[in-house]
Amino acid sequence: MFERVAPGLVRYQRNRDFLTMRYSGGGSVTARVVPIRGSGGCADSDFTAFPAGAIALMVRGGCPFSQKAGSAQRVGASAALIANDGLPGRTAPLSATIFGFNARIPVLVISSQVGAELTQLAQAGTVRVHLELSVVSTKARAANVIADLPGRKSGVILLGAHLDSVANGPGINDNGSGTAAVLEIARQARRLHVRPKHGLRFAFWGGEEIGLVGSRSYAQSLSLKQRRGILGVINLDMVGSPNYGRIVYDAGGAPAGSRRIENAFRAYFAARHLPVEQESLGGSSDHAPFADFGTPVGGLFTGADDLKSAASAQRFGGSANHAFDACYHKLCDTPANVDVRMLGQMADAAAVVAVRLAN
């Protein structure tokens, strides 16, 4: 339950107005709402003079949801509300997961409309809300699926994609698209009797959406010799976005050898006169646990719910100032949400580059 109790009574609707973050704390809270300014909850200084026991209201952006919620909990907030930012395609509450700290307070993601309404009321006077969450966290078993196509010598190039989706959506672009690409590459490599110098390893990760659990567990389970045997990792996460960009992971700041993967993708697309953009690798997908151990990493991406710039629309077509994937983490992430032609391009590129790197 989530409702405004003053001024006036307004009961908000789950899915339309709010969603509970996975691994949120539970409890019954009635308290004043205090909007957080500055960097929106990304810095400790944003909470200067925050009244203990109040509910922190923040807006998406600048840092992960978990960081905002964790900061609110540390300063004594009784709950945290994180509003979507209201940009085109980013108005509804977004399914998100808390990871990196033990949440004891209720944490909701709310729509941009509800966020703006509460902010306006708080600026004019005092606004109080009531929320009641009964949460249960249980342990469940997930699995990775790993398959090897042996090469003529030791060492492998690993192609990976995550199997899971968020609870709020079917997950066909995120990440059925990447999973399908890796599976098809494996199927065709077997059918064509591909035998590169080094092997190909096909990895399907569990638990990515709850903190890269599957890939991290696998990477940590390897001995030093086994880690060194992985010559490079190619990650495919969301490679069929309908308002796509053709995005190659930027190797800047990544482990030594990552530039080779980036350059191989650039050369592949350049030879076909297909423009690309680059995007920082960051740590939000399954390449990250391998990068932490110094393994060369790279990958392909077609965009999530960030807005497509005018320059990107001119380069790739599509609609500027609209999300690359307006159905990111939503119920509408169905088969109709995938650009099959782009998915085919990305799968072809990953297959060719993986074999080239393995030779």
Would you mind telling me which numbered condition in (1) under 26 Å from residue 94 (Cβ atoms); (2) surrounded by fewer than 22 Cβ atoms within 10 Å (Cβ to Cβ) residue 302 fails? (2)
Do we find that residue 343 is touching a residue at least 40 places away in the same chain (Cβ under 8 Å) and either more than 21 Å from residue 202 (Cα to Cα) or buried (at least 22 other Cβ atoms within 10 Å of the Cβ) (or both) in this structure? yes
Subset of region 5-39 [touching a residue at least 24 places away in the same chain (Cβ under 8 Å), part of a strand (DSSP E or B) and closer than 17 Å to residue 93 by Cα]: 18, 19, 20, 22
Does residue 19 meet the test of being at negative phi, buried (at least 18 other Cβ atoms within 10 Å of the Cβ) and over 19 Å from the mean Cα position of the chain (by Cα)? no
If you scan region 246-274, which residues turn out to be part of a loop (DSSP other than H, G, I, E, B), touching a Pro at 6+ places or on another chain (Cβ under 7 Å) and closer than 12 Å to residue 349 by Cβ? 246
In the same structural domain as residue 31 (by TED's automatic domain parsing) and touching a Leu at 6+ places or on another chain (Cβ under 8 Å), is that true of residue 159? no
Going by the conditions given, is residue 66 among the small types (Gly, Ala, Ser), at pLDDT below 95 and part of a loop (DSSP other than H, G, I, E, B)? no
Subset of region 22-45, residues surrounded by fewer than 19 Cβ atoms within 10 Å (Cβ to Cβ), under 22 Å from residue 104 (Cβ atoms) and of a type in the set (D, E, K, R), comes to 32, 44
For residue 80, state whether it is under 22 Å from the mean Cα position of the chain (by Cα) and either part of a helix (DSSP H, G or I) or surrounded by 22 or more Cβ atoms within 10 Å (Cβ to Cβ) (or both). yes
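When only residues in region 202-233 that are part of a loop (DSSP other than H, G, I, E, B) and in contact with a helix residue (DSSP H, G or I) (Cβ under 8 Å, 6 or more places away or on another chain) count, which is nearest to residue 300 (Cα to Cα)? Steps first, please.
Residues of region 202-233 that are part of a loop (DSSP other than H, G, I, E, B), as a first pass: 206-207, 211-212, 222-223, 229.
Those left that are additionally in contact with a helix residue (DSSP H, G or I) (Cβ under 8 Å, 6 or more places away or on another chain): 206-207, 212.
Numbers: 206: 19, 207: 20, 212: 17 Å.
It comes out as 212.
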In the set 213, 233, the lone residue that is under 30 Å from residue 311 (Cα atoms) and either touching a residue at least 12 places away in the same chain (Cβ under 8 Å) or not basic (Lys, Arg) (or both) is 233
Selection status of residue 94, surrounded by 21 or more Cβ atoms within 10 Å (Cβ to Cβ), assigned by TED's automatic domain parsing to the domain that holds residue 115, part of a loop (DSSP other than H, G, I, E, B) and of a type in the set (A, V, I, L, M, F, W, C): yes
Scan (1) of a type in the set (A, V, I, L, M); (2) crowded, with 18+ Cβ neighbours inside 10 Å; (3) touching a Pro at 6+ places or on another chain (Cβ under 9 Å) for the single condition residue 331 breaks and write down its number. (2)
Go through (1) of a type in the set (S, T, N, Q); (2) surrounded by fewer than 20 Cβ atoms within 10 Å (Cβ to Cβ); (3) not in a strand (DSSP E or B) and name the single condition residue 295 misses. (2)
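For (1) crowded, with 18+ Cβ neighbours inside 10 Å; (2) assigned by TED's automatic domain parsing to the domain that holds residue 196; (3) touching a helix residue (DSSP H, G or I) at 6+ places or on another chain (Cβ under 7 Å); (4) at pLDDT below 95, each residue gets a yes or a no:
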residue	(1), (2), (3), (4)
59	yes, no, yes, no
73	yes, no, no, no
102	no, no, no, yes
113	no, no, no, no
State yes or no: is residue 326 small (Gly, Ala, Ser), touching a residue at least 24 places away in the same chain (Cβ under 8 Å) and closer than 24 Å to residue 95 by Cα? yes
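Is it true that residue 286 is touching a Gly at 6+ places or on another chain (Cβ under 9 Å), under 30 Å from residue 218 (Cα atoms) and of a type in the set (D, E, K, R)? First the steps, then the outcome.
Numbers: touching a Gly at 6+ places or on another chain (Cβ under 9 Å): yes; under 30 Å from residue 218 (Cα atoms): yes; of a type in the set (D, E, K, R): yes.
Against the criterion (touching a Gly at 6+ places or on another chain (Cβ under 9 Å), under 30 Å from residue 218 (Cα atoms) and of a type in the set (D, E, K, R)), residue 286 qualifies.
The values are calculated or read from the model by the stated rules, or taken from the named source; none is laboratory data. Keep in mind that what you see is a predicted model, and the values were worked out from it rather than measured. Cβ coordinates were reconstructed from backbone atoms using ideal geometry, including for glycine residues, and neighbour counts include every protein chain displayed.
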